[in-house]
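Readers should treat all values here as calculations from the given coordinates under stated rules, not as data from a laboratory. All of these numbers come straight from a predicted model, not from anything done at the bench. Using ideal geometry, Cβ is built from the backbone for each residue, glycine included, and neighbour counts are taken over all protein chains shown.
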Amino acid sequence: MSDDIRKKILALRQEVMRHEELYRKKNSPEISDFEYDKLVDQLGDLEREYPQYAGTDLGIGDDQAEGFQQRDHREPMLSLDNTYDEKEFQQFGERLIGKVGHRNALEFVIEPKIDGVAVSLTYEKGKFVCAVTRGNGTRGDDVTHNVALIKSIPRTLKNAPDILEVRGEIYMELSEFERLNREREAEGEALYANPRNLAAGTVKLLDTDEAKRRNLSIVCYGLGACVPADTFATLKDFKDKLIAWGFPVRDDIPVQKGIDAAWKAIGQLDALRRSLPFPTDGAVVKLNKLSDQKAAGATSKFPHWAVAFKFPPDQAETILKAISMQVGRTGTVTPVAELEPVLLAGSTVARATLHNADEISRKDIREGDTVRIQKAGEIIPQILGIVLEKRPADAKPFNFEARLKELGLDAAREGDEAAYKLKAPSTEMKVRRLIHFASKQCLDIDGLGEAVAEQLIALKLVDAPVDALKVSRAEWAMLEGFKEKSVDNMMAGVAAAKQRELWRAIHALGIPNIGMQTAKDLARHFKSMDALESAKLEDLLITKVGKKGGESYESVISGVGVEVSKSIASFFSDPNHRDWVQAMRQAGLNLVEKTTTQSVAAVAGKTFVLTGTLPSLGRDEARDLIEKAGGKVSGSVSKNTDYVVAGEEAGSKLTKAQELGVKILDEASLRKLLG
């Protein structure tokens, strides 16, 4: 019996360590936070019951990574103990009463538990000095270079303590996560799993230029070291001061008196959380009075004066009807679960990504299985596992390579990559390339959508995307449903596309890792496709040799780092891609930067944020008008935002703009401003 217990504890420790590595270091968890927490709790319970088999501290929660300088926290940055039901929460309250006083005298601050990356911001004499991750609680990674990109963090504080550590959570807004995933989808790349992993990966990027392409946000909520120590009496006083200094703070629930009132407030937050602009998986409950916090004390890991109540994740069971293969524009083959539609977290889910062949094999997912699904970060549906007892008797292990062969997809893995990629362009890949080429974010050929692209490829009128510029009137007329008027419209659309801006032609090429904004940066720098095509790696990166002989790189163009620079050089080294550019020239496509910019004095240099649905302007159309007038469009509202353009169902960005006093425009006001 004792040997069985010992083996069980060892197995659990190995399982917890594996999931900790996936979550903290690789940002690619295989199980939900809820399931992981339960594993940790199970291990903790066993080791407390059988201390003779307990091992050394596993360092759970330590996010330190290679390549970063470490810094000590002046005040330990503790984790939070978790609770999952009302009984456990009331027990937390009873323990506080025993340490602090009468239950109705206790004051509580209740905040959303943001699913992000914990960080400590240090200010000395009111000046921002550094940003450090939680690490092991006493020492973390210095990530100042990336955190400094978050515009909502004040650089200086008036009338501040001599030393101040402000604790906060870095996260990625759901809208920004969706934007980046749309770019990934357009590039034919696998989608990011959830906002938390992407935020954590961005904070730890060593390539600052790549980090600039992703908008991170922060909410500040906690007090670390403070000199003088008696500057604040309550957490509410501290948060009010943070607001006065300009920090982003959540103040959704007022201070509650008594543990019963705090429990009701958790229910209010549960109802509110789906309307928040960030992923949240629970509520954090903390004593308001700092003197009460001191009286309650702490362990080496957790404060006794705070707890995280974790909301159970929304899950559902459904049937996996089939596994299909989705081919991206770059040739990556991604398996997709085709599900019996089921309602989950307010929307109907019918498909879920299976990531790659290894994921299918590891979870032994088979067609016909009953599967448990969950929305990761409340956005992307993912399959957590199978319900083995409901597996059909005739269900067979899924053979990934056999399915590829069955579908006529000649794909293979390259090196250590998990994904399969096509060796030569397939019909589906050609269709996706053409759709990207003609999309609103590229040449904006009106009417050339998926149905038309499929016909052009099937009729062999188009092979490479650029061939669409040479389709004749007679060939357009060959398409199903194309009468004279349709042909006229398409010819006019192609003619208009030939006169568009240089950045659109660059983006239309489909260079890996080149999104819309990077295409604009390249166009502004090189001024012509000729110059970009002939650019060498040294035209994009400056190589620096350190004192010890190590090499580092400095970007010539803001936003174009090492990975992007190598993509550009590799793309234009391919003769086929150079042929595409030559075909663009022969078709009469504009391949030089236009010098006229319609600059408008009231707009030039101003930062705009678009939110909601405008009466007649699409989001991309409004963005283009603002940028042509010399303005900039951002994805998030901050104190540096000059205007928010709001339409119907504007949501949280409009609310934040109103809180910050940012000028609000409707479409008519925007048009007037643009002249």
task = Return the Rg/Rh value of region 397-539, two decimal places, where both radii are evaluated on C-alpha atoms and Rh is the Kirkwood radius.
result = 1.04
query = K527: which lysines have alpha carbons under 28 Å from its alpha carbon, excluding same-chain residues fewer than 8 sequence positions away?
reply = K212, K440, K470, K498, K536, K544, K566, K594, K606, K628, K632
ask   = Once the dipole of region 412-543 is set up with Lys and Arg at +1 and Asp and Glu at -1 on Cβ about the Cα centre, which of G515, V452, A496 lies farthest towards its positive end?
value = A496
message = Below 8 Å between Cα atoms, with a sequence gap of 6+, how large is the relative contact order for region 204-341 in percent?
response = 16
inquiry  = If I histogram all Cα-Cα distances within region 427-497 using bins 10 Å wide from 0, what percent of pairs lands in each bin?
reply    = 22, 62, 16
task = Could you quote the convex hull projected area for region 361-432, Cα atoms only and averaged over all directions, in nm²?
result = 6.9
inquiry  = With θ taken as phi - 60° and the coefficients 6.51, -1.76 and 1.60, list the Karplus ³J(HN,Hα) couplings across region 4-19 in order, rounded to whole Hz; mark glycine and proline as x.
reply    = 5, 4, 4, 5, 5, 5, 4, 5, 5, 4, 5, 5, 5, 4, 5, 5
Cα-projected label distance for D81 with E94, points at 7 Å along beta-carbon direction, nm = 1.3
query = What is the diffusion coefficient of the chain in µm²/s, taking the Kirkwood radius over Cα pairs and the Stokes-Einstein relation at 37 °C with a viscosity of 0.692 mPa s?
reply = 117
task = Provide the per-residue ³J(HN,Hα) series for region 503-510, in order, calculated from phi with Karplus coefficients 6.51, -1.76, 1.60 and θ = phi - 60°, each as a whole number of Hz, with x at glycine and proline positions.
result = 4, 5, 5, 5, 5, 5, 5, x
query = How many nm separate the modelled label positions at T156 and A244, each set 7 Å beyond the Cα in the direction of the Cβ?
reply = 1.9
ask   = Taking the Cα centre of the chain as origin and charging only Cβ (+1 Lys, Arg; -1 Asp, Glu), how large is the dipole, in debye to the nearest 20?
value = 1580
remark   = Mean separation of Cα contacts under 8 Å (at least 6 apart) over the residue count of the chain, i.e. the relative contact order in percent, is 10
key: Two-site FRET efficiency, K485 against L459, from Cβ-Cβ distance with R₀ of 25 Å, rounded to 0.05   = 0.75
request  = Over the alpha-carbon set of region 315-422, divide Rg by the Kirkwood Rh and report the Rg/Rh ratio to two decimals.
outcome  = 0.97
ask   = Over region 607-674, what is the relative contact order in whole percent, taking alpha-carbon pairs under 8 Å and six or more residues apart?
value = 39
ask   = Pulled fully out, how much extra length does the chain show between D314 and D37, if you take 0.36 nm times their separation in residues and subtract their Cα-Cα distance?
value = 98.1 nm
inquiry  = Using only the alpha-carbon atoms, how far is helix 86-99 inclined from the longest principal axis of the chain? Give it as 0 to 90 degrees, nearest 10.
reply    = 50
remark   = Computed over region 502-587, the convex hull of the Cα set has an average projected area, in nm², of 5.6
query = What order do you get for K653, K594 when you list them from fewest to most C-beta neighbours inside 10 Å?
reply = K594, K653
FRET efficiency, 1/(1 + (r/R0)^6) with R0 51 Å, evaluated for H102 and T543 via beta carbons = 0.15
query = FRET efficiency for A418 and A233, Cβ-Cβ distance as r, R0 = 60 Å, nearest 0.05?
reply = 0.65
request  = Hey, for a label at A495 modelled as a point 7 Å past Cα toward Cβ, could you say which residues of region 435-471 have their backbone N under 15 Å away?
outcome  = 446, 470-471
note = When the charge dipole of the chain is computed with +1 on Lys and Arg Cβ and -1 on Asp and Glu Cβ about the Cα centre, the Cα farthest towards its positive end, among V336, G116, G561, belongs to G561
inquiry  = From the phi angles alone, apply the Karplus equation (6.51, -1.76, 1.60; θ = phi - 60°) to region 324-330 and give each ³J(HN,Hα) in whole Hz, x where the residue is Gly or Pro.
reply    = 9, 10, 9, 9, x, 4, 8
key: Alpha-carbon Rg/Rh ratio, for region 618-675, with Rh computed the Kirkwood way   = 0.93
